[in-house]
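A.B. asks: Following this message is one structure expressed as structure tokens.
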Amino acid sequence: MDVEITLRVDGTEHRLTVDTRTTLLDALRDRLGNTSPKKGCDHGQCGACTLLIDGRRALGCLALAVAHQGADIVTAAGLADGDGGGLHPLQRSFIAHDAFQCGYCTPGQIVSACGMLAEAEAGWPSAVSKDPGATDVVLDDEEIAERMSGNLCRCAAYANIVPAIAEVAHR
Amino acid sequence: MKPFRYERADDVSSAVTALAEEPEAAFLAGGTNLVDLMRLEVATPEVLIDVRRLISDRIEELPDGGLRIGAAVPNSDLAADDRVRRRYPMLSQALLSGASGQLRNVATTGGNLLQRTRCPYFQNVTTPCNKRAPGSGCSALEGHQRDMAILGSSPACVATHPSDMAVALAALDAAVTVRGTDGERRIPVTALHRLPGDTPERDTVLARGELITGVELPPPAHLIPSRYRKVRDRASFAFALVSVAAALDVADGTVREVRIALGGVAHKPWRATTAESALHGAPATGESFRDAAAAELARATPLPGNAFKVPLARNTMVSVLLELLEEGR
């Protein structure tokens, strides 16, 4: 069944007709040509398709496009400044720390890290928070690893991903 | 994925009516489990009725000092809520130990309770499974058993309920409010999920068309200190082999109040009533804790592939109670 929806993707409004079965991930990649979010497992287990949906990190592969009428979506491509040269601090830090090998999980890692830093800024606890009542989150390596556990890296670049995120977190 | 129609109702009562009129309809909230099951063709609804914007996503104080959690409150918001963190630490910890940051941002309170088992045979349409295809048999009896139940299972089904949140809610004596075509009713969380018996296709006591609208937590007196401990095959983003939600109130070396619920061991969140009865009024000692945990697990019926869960559940219960005893000093 086809349904007409509008989506705001990386600042640009799009109107498109989708089958109700279409996920946000497939709408972005196949209909709007935005291949920045990746299809890894397509079951919500790997994090390669992580998007910011209305400001929160979420998985494009489990989100039906039809249920996201009017949503504001940010992909890793949209995190960079529109003027060409300005990479997001997390993108620069991933390059500086060599925080990837094949790079397939990287856009999802970066969008997820972006959402995760905002969650920590808002004082959200994690499963490893020593004082679950504390409103000031100190993002040590254990906290970063726990909060990023929804993003898998089959090249196991974790040893560089954690410092890449830590550098931005501690700025 | 099979084709389906997508509908949005104007309010809860029309959503409930719409679902009751469509034999192959399902409610959609966060969709983190349902969309995956549809892709696997384990779930094949012909109509999805989106209720996410219809049900409350707010956490409100109740006059008795408890909290009412709207069924659309995302797991992450519930875990981060200051009142939940201070008054019901085990609930916040249980939520944070489940899924990933991305999933918790989308998964709702009502949906978390109604998520389906992650039994690999339930999720694989090419294998027999009595829960998915009643009468087809249980593949786990001769197959992968590590994640299966040790308490309350039946020859028809040995699947476990996957929720962490529900285990904490069971320990806290929370109740769900449910709307159906006949109005609203209230069900204790401990009575919401079913044991499999010979009808494992039914996870809960909800009638067709009933919608969970909220969860009510009683006042937190006697529920602090509390904690949730989850034991699993990897440190994060994995389901529980065994989990324990517990609260312990000790006065003059005697157990005044204790709550224990287990996850990963049964078809439902398992409230450890045998252990609780053994502990009420007993000396708050490691010996009492060990005896109570052993009494709870005396009825365990493990399979060859998950017998390790019996000592694991016993030891985790004792360990959590000892920590709570220390914390309460």
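A.B. asks: Could you work out how much longer the chain between B:Glu326 and B:Ala221 gets when fully extended? Use 0.36 nm per residue separation minus the Cα distance between them, nm to one decimal.
C.D. replies: 35.9 nm
A.B. asks: Now a separate question. By the gyration tensor of its Cα atoms, with a ≥ b ≥ c the square roots of the eigenvalues, what is the shape of the range A:88-147: rounded for a/c under 1.5, prolate for a/b over b/c, or oblate?
C.D. replies: Taking the square roots of the gyration eigenvalues as a ≥ b ≥ c, the range A:88-147 is prolate.
A.B. asks: Assuming R0 = 35 Å, what is the FRET efficiency of B:Arg83 and A:Gln69, from their Cβ-Cβ distance, to the nearest 0.05?
C.D. replies: According to the calculation, E is roughly 0.60.
A.B. asks: Could you work out the mean count of beta carbons from other protein chains within 10 Å of each residue's beta carbon in B:76-86?
C.D. replies: 3
A.B. asks: Treat every Asp and Glu Cβ in the protein assembly as shown as -1 and every Lys and Arg Cβ as +1, leave all other atoms uncharged, and give the resulting dipole magnitude about the Cα centre to the nearest 20 debye.
C.D. replies: 1000 debye
A.B. asks: From other protein chains only, count the Cβ atoms within 10 Å of every residue's Cβ in A:121-127, then give the mean.
C.D. replies: 6
A.B. asks: Could you give the nm distance between label points at B:Ala207 and B:Ala133, where each point is 7 Å from its Cα heading toward the beta carbon?
C.D. replies: According to this spin-label approximation, the distance is 3.2 nm.
A.B. asks: Using a simple spin-label model with points 7 Å from Cα along the Cα→Cβ vector, what separation in nm is obtained for B:Glu46 and B:Arg299?
C.D. replies: Inter-label distance under the simple model: 4.1 nm.
A.B. asks: For A:Cys41, tell me the accessible area in Å² from a 1.4 Å probe, rounded to the nearest 10.
C.D. replies: Probe radius 1.4 Å; accessible area of A:Cys41 about 40 Å².
A.B. asks: Using only the heavy atoms of the protein chains and a 1.4 Å probe, how would A:Arg21, B:Arg83 rank by accessible area, largest first?
C.D. replies: These residues rank, largest area first, as A:Arg21, B:Arg83.
A.B. asks: So which of A:Lys38/A:Lys130; A:Lys39/B:Lys230; B:Lys131/B:Lys268; B:Lys230/B:Lys268 end up more than 24 Å apart by C-alpha?
C.D. replies: Long pairs (Cα-Cα over 24 Å): A:Lys38/A:Lys130; A:Lys39/B:Lys230.
A.B. asks: Using the eigenvalues of the Cα gyration tensor, what equivalent ellipsoid semi-axes result for the protein assembly as shown when each is taken as the square root of five times the eigenvalue, whole Å, largest first?
C.D. replies: Working from the Cα gyration tensor, I get semi-axes of 36, 28, 22 Å.
A.B. asks: Could you work out the helix-only [θ] at 222 nm for the protein assembly as shown, with each DSSP H run of four or more residues adding -39,500 (n - 2.57) and the total divided by the number of residues, to the nearest 500 deg cm²/dmol?
C.D. replies: -8000 deg cm²/dmol
A.B. asks: For the range B:150-259, run through the trypsin sites (Lys or Arg not before Pro) and keep only the ones in DSSP coil with at most 13 other Cβ atoms within 10 Å of their Cβ.
C.D. replies: B:Arg202, B:Arg208, B:Arg234
A.B. asks: Now a separate question. If A:Leu79, A:Leu28, B:Leu40 are ordered by their accessible area, calculated over protein heavy atoms with a 1.4 Å probe, which sequence runs from highest to lowest?
C.D. replies: Largest to smallest exposure gives the sequence B:Leu40, A:Leu79, A:Leu28.
A.B. asks: Enter the Cα centre distance for the pair the range B:75-98 and the range B:116-141, rounded to the nearest angstrom.
C.D. replies: 32 Å
A.B. asks: Still on this structure: Round to the nearest 10 and report in Å² the accessible area of B:Thr44, as given by a 1.4 Å probe over the protein chains' heavy atoms.
C.D. replies: About 60 Å², rounded to the nearest 10.
A.B. asks: Also: When Cβ neighbours within 10 Å are restricted to other protein chains, what is their mean count per residue of peptide B:229-241?
C.D. replies: 2
A.B. asks: While we're here: Cα gyration tensor of the range A:2-79, axes a ≥ b ≥ c as square roots of the eigenvalues: rounded (a/c below 1.5), prolate (a/b > b/c) or oblate?
C.D. replies: Oblate is the answer for the range A:2-79, as a/c is 1.5 or above yet b/c matches or exceeds a/b.
A.B. asks: Continuing with this model, one more query. Looking at the range A:2-79 only, what percent of DSSP beta bridges run antiparallel? Nearest 5 please.
C.D. replies: Bridges in the range A:2-79 are about 90 percent antiparallel.
A.B. asks: Please report how far the C-alpha centroid of the range B:199-251 lies from that of the range B:258-329, rounded to the nearest whole angstrom.
C.D. replies: With the range B:199-251 and the range B:258-329 each reduced to a Cα centre, they are spaced 15 Å.
A.B. asks: Extending each Cα 7 Å along its Cβ direction at B:Arg232 and A:Ala159, get the distance between those two points in nm, one decimal.
C.D. replies: The answer from the label model is 2.6 nm.
A.B. asks: Separate question: Have a look at the DSSP beta bridges in the protein assembly as shown and tell me what percent are antiparallel, nearest 5.
C.D. replies: 85 percent
A.B. asks: In whole Hz and in residue order, list the ³J(HN,Hα) couplings for the range B:248-263 that follow from phi through the Karplus curve 6.51 cos²θ - 1.76 cosθ + 1.60, θ = phi - 60°; x for Gly and Pro.
C.D. replies: Each residue of the range B:248-263 in turn: 9, 10, 10, 10, 6, x, 10, 6, 8, 8, 8, 10, 9, 9, 10, x Hz.
A.B. asks: Set the Förster radius R0 to 56 Å, insert the Cβ-Cβ distance between B:Asp198 and A:Val138 as r into 1/(1 + (r/R0)^6), and round the FRET efficiency to 0.05.
C.D. replies: With R0 = 56 Å, the Cβ-Cβ based efficiency is 0.60.
A.B. asks: Find, among the GluC sites (Glu not before Pro) in the range B:38-106, those assigned to loop by DSSP (not H, G, I, E, B) with at most 16 other beta-carbon atoms within 10 angstrom.
C.D. replies: The qualifying sites are B:Glu41, B:Glu46.
A.B. asks: Could you work out how far the C-alpha centroid of the range B:18-49 sits from that of the range A:1-50, in angstrom?
C.D. replies: 20 Å
The values are calculated or read from the model by the stated rules, or taken from the named source; none is laboratory data. Remember, predicted model here, so these are calculated numbers, not experimental data. Glycine gets a Cβ as well: all are built from the backbone with ideal geometry, and neighbour counts include every protein chain shown. Protein only, heavy atoms only, side chains kept; ligands, DNA and RNA dropped before computing areas. Shrake-Rupley method; radii C 1.70, N 1.55, O 1.52, S 1.80 Å.
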